[in-house]
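The values are calculated or read from the model by the stated rules, or taken from the named source; none is laboratory data. This structure is a prediction, so every number in the text was calculated from the model and none was measured. Every residue, glycine as well, gets a Cβ built from its backbone with ideal geometry; the counts of neighbours run over all protein chains shown. Remember, those area values only see protein heavy atoms, side chains included, never the ligands or the DNA or RNA. Shrake-Rupley method; radii C 1.70, N 1.55, O 1.52, S 1.80 Å.
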Amino acid sequence: MIRRAVAGDAETLSRLAIETFFETFVDGFGIPYPPADRDAYIAEKLAPGVFAERIADPAHGVWIAEHHGQAVGFAVAGPNGLPHPDAVDGDLELKQLYLTRGAQGLGLGGRMFETTLEWMETQKPAAIWIGVWSGNLKAQRLYQALGFEHFGEYQFRVGSWLDDEFILRRKRR
């Protein structure tokens with residue numbers, strides 16, 4: 001089941017974000033983030049207060065994926081913050097979409113992505129943007145199949161560590 005997050009979900013979202021950060025980037029891709037950088041990123045970007053602010057902000061959409069009554073994934077969309085000169089006010093960005101390792105392959109990721117895209121498209125942005133880690137080829141192929149094009153590159157900060165990221169864009173349909 002995919003549902004909109006409510007104020008009481010901020011702690012759960014933070015826990016899921018931290019769990020999927022480790023599963024995806026530290027354990028999955030083996031990125032050797034120094035502990036101080038990793039901890040700074042978690043405190044700044046994945047804390048419950050960050051999710052509470054986004055849930056309360058009508059310019060953001062936040063969703064939770066549940067399986068057998070347990071929260072197993074989440075997605076966040078909102079105003080585009082990617083550093084690209086062609087980005088304009090009103091453009092939107094898929095900021096996060098993650099599932100726990102045990103929930104992958106159940107179809108929840110696809111449903112959550114569709115739900116998030118539908119919400120973004122109802123806002124009528126000129127474009128929808130996604131930042132994706134340069135080493136995540138599976139996600140890049142998926143986004144390309146859904147009409148997103150490689151549109152630039154930037155560095156994503158995890159503490160003082162810099163990840164090379166690709167900027168993807170899809171114009172409004």
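Inside region 117-148, can you point out the residues that are charged (D, E, K, R) and without any contact (Cβ under 8 Å) to a residue 24 or more places away in the chain?
Across region 117-148, the qualifying residues are GLU118, LYS138, ARG141.
Mind listing just one residue for me: the one in region 126-148 that is in contact with an Asp or Glu (Cβ under 8 Å, 6 or more places away or on another chain) and under 25 Å from ASP89 (Cα atoms) and, of those, surrounded by the fewest Cβ atoms within 10 Å (Cβ to Cβ)?
Only one residue tops the list, namely ALA126.
Name the residue that is nearest to ILE130 (Cα to Cα), counting only residues in region 103-116 that are open to solvent by 70 Å² or more (accessible area, probe 1.4 Å) and touching a residue at least 24 places away in the same chain (Cβ under 8 Å).
By that ranking, first place goes to ARG111.
Would you check if PHE151 is crowded, with 16+ Cβ neighbours inside 10 Å and free of Cβ contacts under 8 Å to residues at least 40 places away in the same chain?
Criteria not met by PHE151.
Could you count how many residues in region 17-35 are among the aliphatic types (A, V, I, L, M), in contact (Cβ under 8 Å) with a residue 60 or more places away in the chain and more than 20 Å from LEU94 (Cα to Cα)?
Number satisfying all stated conditions: 1.
Which of the numbered conditions does LEU97 fail, given that it passes all the others? Conditions: (1) closer than 30 Å to LYS171 by Cβ; (2) open to solvent by 70 Å² or more (accessible area, probe 1.4 Å).
The single condition LEU97 does not satisfy is (2).
Here are the criteria: (1) loosely packed, with under 13 Cβ neighbours inside 10 Å; (2) within 25 Å of GLU19 (Cα to Cα); (3) at pLDDT below 95. Tell me which single one LYS171 does not satisfy.
Only one criterion is unmet by LYS171, namely (2).
Any residue in region 36-61 that's without any contact (Cβ under 8 Å) to a residue 40 or more places away in the chain and closer than 23 Å to ASP91 by Cα: show its pairings with residues that are open to solvent by 40 Å² or more (accessible area, probe 1.4 Å) and of a type in the set (S, T, N, Q) at Cβ separation under 9 Å, as long as the two are six or more apart or on different chains.
Sorted first by the residue in region 36-61, then by its partner, the pairs are ALA59/GLN123.
Condition first: under 10 Å from the mean Cα position of the chain (by Cα) and acidic (Asp, Glu). Now tell me which residues in region 76-117 satisfy that.
If the condition is that a residue be under 10 Å from the mean Cα position of the chain (by Cα) and acidic (Asp, Glu), then GLU93 is the only one that fits.
Please go through (1) closer than 18 Å to ILE2 by Cα; (2) open to solvent by less than 40 Å² (accessible area, probe 1.4 Å) for GLY69 and return the number of the only condition it doesn't satisfy.
(2)
Could you grab me the full set of residues in region 154-168 that are farther than 23 Å from GLY90 by Cα, open to solvent by less than 40 Å² (accessible area, probe 1.4 Å) and not aliphatic (A, V, I, L, M)?
Matches in region 154-168: GLY159, ASP163.
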